[in-house]
Amino acid sequence: MDQQLSALARAHGVATWYENADRHRVTVADDVVRAVLTEMGVDESTPPPPKVKVVREGPDTPPLGYHRLDDGHELIVTPRRLPPVAPAWGWMLQLYALRSPASWGIGDYADLRDFTNASGAGVVLVNPVQAITPTLPVQRSPYSPSSRRFANPIYLRITETDEFARADAATKDAVLALAPPHADLIDYDAAWTAKLRALELLWPGTPQDMPDDLRDFATFCALAERRGSDWRKWPSYLRDPAHPAVATARDEVLADRIAFHAWLQRLCEQQLTAARQATTAKIVHDLPVGVDPAGADAWALQDVLASDVTVGAPPDAFSQQGQDWNLPPFRPDKLAEQGYRPFRDVIRSVLRHADGIRVDHIAGLFRLWWIPPGHPASEGTYVYYDADAMLGILALEAHLAGAMVVGEDLGTVPDEVTDAMHDRGVLSSSVLYFERDAGEPGEPLLPPKRWPADAMASISTHDLPTTSGFLRGENVRVRAELGLVGDPDAEYARAETAKEEMLAALDAHGLLPDDPSEEDLVVALHRLLATAASRLLLTSPQDALGEPRQPNLPGTVDEYPNWRIPLPLEVDALLADPTLRAAVAALRDARPDGVSPN
């Protein structure tokens, strides 16, 4: 590579080579490096990005927090380490999948309250509940929100708003008549259409003062309703939030609608706060990697996002062409220029109504795979962030909120990422299917008692087969039927080998029943998880019930009902199910009242 280009890339954190999943060095093409630098606004005359001074607390530092120095620069003092997380068992909850007589075709914030309060768990991890763009079709994936700074009003319990309680009988009847039924698959469009109409009937029509960020978000929502869900297709004068035409629309044409969307956010805050206050369990909210490039944050934060870039993953054995997640990344130089305020705002918005935060793809605080416009996912490169600053600020915001932090570090993640997390008191993630003993020939399953203590442990995740799905080979069957498997016979054989290996692990732990049923094996897998050394032991209702369908099938969009599969039982019946109760009994016994393993 040209030495000048190489030096420029190095100065701005753009990788000119990387190590792939097979630990082979891969050189990045010059044109890809140039394209990424161009998206960062970099040329030969561009100075390196400024570094905000981020330090760990010590004898010579000011108190924890954000400080303005005499020279105008900012000093951020972060915790040396977060306090230990109390041992607990709990749930990984897909909120949309909950069902109750009062919810409208989709789980809601009141279902979260009722489930958390009744479950007896110490921790409940909830799928991302960040904001949608309020148009049809509704974005179903919780990992591609319109904004990571605001909440999703599709989860509102309409009948528990103050406005419904104060409404006259005719209005209440009109609202109740809108309620859609629960169906075999969740219909997001039907749920949002019904709730939006009900909220419009209840809207008191009283504008209130709002902070600038909420005003911008509500302005986007109002514009999207008139101009369409993708701001990149709006007239040029509306694509810039600072354009006078946007101010005119906000103050004159759309004022009432902006106030309405701001009111929806206040309702979300009230119901999320009520859910948290109703339980002694720790509610942990999930933070996605990024946002929808057509959505509210991508419009409002253009000054800190590389809007034409998407992030993903390089080629590996499972995705030979790489992965494009269609999420625009933060620019590291712009984050530093702004003292990491956009990142701080995102963390604060999640922790405002949570006892903890799970950071999806936490390696993204260290580096992200940038895919420049016009290139396939395989033709990207890593862009590095100031990991000490990012991880330190994450820890500081958690400290200020009294919250725990969990990082999702599954898959091909450098050891230094997990080491840095543990050094800060951030929990890593351990999954039964993945934990292997790299020091032994063939890398057999690692006994759970040897898993990391500073971890959140589970059998599966929303992107992997459930317990029953694993035992049946359901994942292979579905992918084969969809034509996503090149050699189905080989995949079935691999799945059967994995199952036999897991049964052998159960047997080695004395947990394999004689002539077991599928329900027996579901319970046995939870008993195996209960032997883990990890502080947190979590399962999902899908895993504990023996639901064969996994919530999300990576590599599909509409071919599989991703994020649309409801739980088969309503909340009360769910928690009374005998298989579920037997499965979680082992976890409860292993973590009674926060007692850690020996």
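The values are calculated or read from the model by the stated rules, or taken from the named source; none is laboratory data. Not measured: the values here are computed from a predicted model. Neighbour counts are summed over all protein chains in view; Cβ atoms, including those assigned to glycine, are modelled from backbone coordinates with ideal geometry. Heads up: the accessible areas ignore ligands, DNA and RNA and are worked out on the full protein's heavy atoms, side chains in. Shrake-Rupley method; radii C 1.70, N 1.55, O 1.52, S 1.80 Å.
Some notes on this structure:
- THR219 vs. criteria of a type in the set (S, T, N, Q), buried (at least 17 other Cβ atoms within 10 Å of the Cβ), in contact with a helix residue (DSSP H, G or I) (Cβ under 9 Å, 6 or more places away or on another chain) and in contact (Cβ under 8 Å) with a residue 60 or more places away in the chain: no
- Some residue of the range 336-344 being at pLDDT 95 or above, more than 30 Å from ILE283 (Cβ to Cβ) and in a loop (DSSP other than H, G, I, E, B): no
- One residue from ASP520, ASP558 being of a type in the set (Asp, Glu), assigned to a loop (DSSP other than H, G, I, E, B) and either closer than 30 Å to LEU185 by Cβ or touching a Phe, Trp or Tyr at 6+ places or on another chain (Cβ under 8 Å) (or both): ASP558
- Of all residues in the range 536-593, those satisfying the criterion of being within 25 Å of ALA110 (Cβ to Cβ), free of Cβ contacts under 8 Å to residues at least 60 places away in the same chain and surrounded by fewer than 20 Cβ atoms within 10 Å (Cβ to Cβ) are PRO568, ALA573, ALA576, ASP577, ARG581.
- Filter result for PRO211 (surrounded by fewer than 17 Cβ atoms within 10 Å (Cβ to Cβ) and in contact (Cβ under 8 Å) with a residue 12 or more places away in the chain): no
So that you can scan it fast, the table gives a plain yes or no per residue for (1) open to solvent by 70 Å² or more (accessible area, probe 1.4 Å); (2) among the small types (Gly, Ala, Ser); (3) more than 22 Å from PHE164 (Cβ to Cβ):
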site	(1), (2), (3)
PRO180	no, no, no
ASP184	yes, no, yes
ASP189	no, no, yes
TRP192	no, no, no
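- The range 314-331, subset in contact (Cβ under 8 Å) with a residue 40 or more places away in the chain, open to solvent by 70 Å² or more (accessible area, probe 1.4 Å) and more than 20 Å from the chain's Cα centre (by Cα), residue farthest from VAL14 (Cα to Cα): ALA317
- Members of the range 27-56 found to be part of a loop (DSSP other than H, G, I, E, B) and surrounded by fewer than 18 Cβ atoms within 10 Å (Cβ to Cβ), listed by number: ALA29, GLY41, ASP43, GLU44, SER45, THR46, PRO47, PRO48, PRO50, LYS51
- Residues that are more than 29 Å from ARG341 (Cβ to Cβ), at pLDDT 90 or above, of a type in the set (Phe, Trp, Tyr) and surrounded by 13 or more Cβ atoms within 10 Å (Cβ to Cβ) occur at least once in the range 18-26.
- Any pair with Cβ under 6 angstrom, 6 or more apart, that starts in the range 286-311 at a residue that is touching a residue at least 24 places away in the same chain (Cβ under 8 Å) and ends at one that is open to solvent by less than 10 Å² (accessible area, probe 1.4 Å) and of a type in the set (S, T, N, Q): ASP286/ASN127; ASP292/SER146; GLY295/SER146; ALA296/SER146; ALA296/SER147; ASP297/SER147
- All conditions but one from (1) modelled with pLDDT of 95 or more; (2) buried (at least 19 other Cβ atoms within 10 Å of the Cβ); (3) part of a helix (DSSP H, G or I) apply to LEU511; the one that does not is (3).
- ALA480 free of Cβ contacts under 8 Å to residues at least 24 places away in the same chain, part of a helix (DSSP H, G or I), of a type in the set (Gly, Ala, Ser) and touching a Phe, Trp or Tyr at 6+ places or on another chain (Cβ under 9 Å): yes
- Pairs with Cβ under 6 Å, 6+ apart, first in the range 177-189 and farther than 19 Å from ASN552 by Cβ and small (Gly, Ala, Ser), second part of a loop (DSSP other than H, G, I, E, B) and modelled with pLDDT of 95 or more: ALA179/TRP104
- Checklist (1) crowded, with 22+ Cβ neighbours inside 10 Å; (2) not in a strand (DSSP E or B) applied to VAL311, failing item: (2)
- Which listed residue is surrounded by fewer than 14 Cβ atoms within 10 Å (Cβ to Cβ), touching a Phe, Trp or Tyr at 6+ places or on another chain (Cβ under 9 Å) and not β-branched (Val, Ile, Thr), from ARG232, ARG227: ARG232
- Checking LEU201, LEU254 one by one, the residue that is over 31 Å from the mean Cα position of the chain (by Cα) and open to solvent by less than 30 Å² (accessible area, probe 1.4 Å) is LEU254 and no other.
Here's the yes/no breakdown for (1) on the phi > 0 side of the Ramachandran plot; (2) within 16 Å of the chain's Cα centre (by Cα); (3) modelled with pLDDT of 95 or more:
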| residue | (1), (2), (3) |
| --- | --- |
| TYR96 | no, yes, yes |
| ARG99 | no, no, yes |
| GLY105 | yes, no, yes |
| ASP111 | no, no, yes |
| ASP114 | no, no, yes |
| ALA131 | no, yes, yes |
| LEU136 | no, no, yes |
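- For the range 483-507, a residue qualifies if it is in contact (Cβ under 8 Å) with a residue 60 or more places away in the chain and farther than 16 Å from LEU464 by Cβ, and exactly one does: ALA505.
- Taking residues in the range 449-468 that are touching a residue at least 60 places away in the same chain (Cβ under 8 Å), and partners anywhere that are of a type in the set (D, E, K, R) and not in a helix (DSSP H, G or I), the pairs with Cβ atoms closer than 6 Å and at least 6 places apart or on different chains are TRP451/GLU435; THR466/GLU547.
- Residue within the range 268-275 that is on the phi < 0 side of the Ramachandran plot, open to solvent by 10 Å² or more (accessible area, probe 1.4 Å) and part of a loop (DSSP other than H, G, I, E, B) present: no
- Taking the criterion of being open to solvent by 20 Å² or more (accessible area, probe 1.4 Å) and not hydrophobic (A, V, I, L, M, F, W, C), the residues of the range 280-297 that qualify are THR280, LYS282, ASP292.
- Filter result for PRO241 (outside any helix (DSSP H, G or I), modelled with pLDDT under 95 and not aliphatic (A, V, I, L, M)): no
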